[in-house]
Ligand SMILES: Cc1ncc(COP(=O)(O)O)c(C=O)c1O
């Protein structure tokens with residue numbers, strides 16, 4: 001990380017920040033791009049002939065960039081507001097029949113789990129839970145092996161690419177292969193909240209039928225903007241649940257009979273008016289971070305720091321680490337057995353301007369190490385943890 005980039009991020013000036021998986025800080029140049037875009041929209045529009053080519057160009061530029069980072073075609077990308085809408089809206093579009101089975105891991109975000117529970121209740125589907133949390137020494141071989149036990153009648157497997165609680169990167173390709181063996185008509189639905197902007201996902205996305213990302217976490221873009229990939233098969237076989245003018249091939253003649261009013265690409269899952277200025281902000285953040293450290297180099301840098309933290313935490317006999325070393329990304333999860341009131345622990349660290357979080361299920365601590373993290377921040381965190389444990 002160049003100190004130059006840190007100096008462009010105001011919220012890092014007075015904090016030792018480790019919550020990138022919750023929300024990444026927005027660099028000033030990204031905020032400026034958002035403001036400029038907003039001003040431009042008001043200058044040439046808002047609702048004039050000149051504004052539509054501008055909006056169109058913003059959308060295409062952003063989708064092109066996202067498609068490149070996801071290693072897929074632009075026609076398979078839809079814009080959304082966040083991870084939850086990107087996951088839940090298309091999911092509700094699957095043609096379910098009574099008794100279909102959904103398998104969801106026990107390491108998913110509560111909002112996604114709640115949406116899936118509701119879906120199952122309404123359509124009389126069966127919800128099965130794939131217990132990853134109880135696998136000790138989490139590794140690909142064990143996860144693939146354990147997953148097979150639960151796959152039998154699965155129509156939909158829902159799982160995160162990087163688990164938000166443990167930081168483990170799931171072997172998507174292998175899981176998809178196993179899923180296809182049991183049911184050719186199954187779907188793999190992936191939550192990319194903790195992967196986009198953090199690890200390289202190009203190549204991996206194509207193993208899924210739906211892969212949702214957000215701007216506001218590791219990518220350090222603005223909140224209120226997300227996107228998702230849907231495979232050609234998913235596009236062809238599903239129908240959107242919420243429809244608006246953006247889903248339509250054409251608005252004119254809407255009262256006339258038609259076999260298909262909707263776009264035949266991912267746009268059929270887009271709905272209506274959205275906040276266009278945010279797009280320029282995300283593009284700027286992605287470009288700033290890529291210029292700082294190219295995507296193909298940052299994993300080495302991030303992992304070196306997270307392994308340093310892991311190694312130091314592992315020296316304390318009271319601390320239990322979620323994963324075995326070496327870690328492969330920037331999420332370091334741990335438990336301090338002796339600390340019962342986890343939120344009080346976080347509060348005390350916060351008083352020292354050090355920000356980590358408690359995750360739910362299991363109630364452990366999570367530290368996120370980003371390419372903009374500095375080694376001395378890790379030292380400061382370790383010192384404070386040491387003091388608080390005394
Ligand atoms: C794995 C995971 N999924 C979903 C979400 C919800 O994200 P959003 O608010 O973008 O819908 C989060 C947020 O922390 C997350 O970590």
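The values are calculated or read from the model by the stated rules, or taken from the named source; none is laboratory data. Note that the structure is a prediction, hence the values are computed from the model and not measured. Every residue, glycine as well, gets a Cβ built from its backbone with ideal geometry; the counts of neighbours run over all protein chains shown.
Numbers at a glance
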read-out	value
Residues being farther than 22 Å from residue 287 by Cβ and exposed (fewer than 15 other Cβ atoms within 10 Å of the Cβ) - total across region 46-63	7
Residue that is assigned by TED's automatic domain parsing to the domain that holds residue 377 and over 23 Å from the mean Cα position of the chain (by Cα), where the choices are 312, 256, 264	312
Checking residue 224 against (1) more than 10 Å from the ligand (Cβ to nearest atom); (2) surrounded by fewer than 24 Cβ atoms within 10 Å (Cβ to Cβ), the condition it does not meet	(1)
When residues of region 170-202 are limited to those that are within 24 Å of residue 80 (Cα to Cα) and either free of Cβ contacts under 8 Å to residues at least 24 places away in the same chain or assigned to a strand (DSSP E or B) (or both), the one nearest to the chain's Cα centre (by Cα)	191
Criterion (in contact (Cβ under 8 Å) with a residue 60 or more places away in the chain and under 27 Å from residue 381 (Cβ atoms)) met by exactly one of 69, 8, 89	8
Among (1) modelled with pLDDT under 95; (2) not in a loop (DSSP other than H, G, I, E, B) - the single one residue 251 does not satisfy	(2)
Residue ID - nearest to residue 333 (Cα to Cα), chosen from residues in region 134-149 that are buried (at least 17 other Cβ atoms within 10 Å of the Cβ) and modelled with pLDDT of 95 or more	143
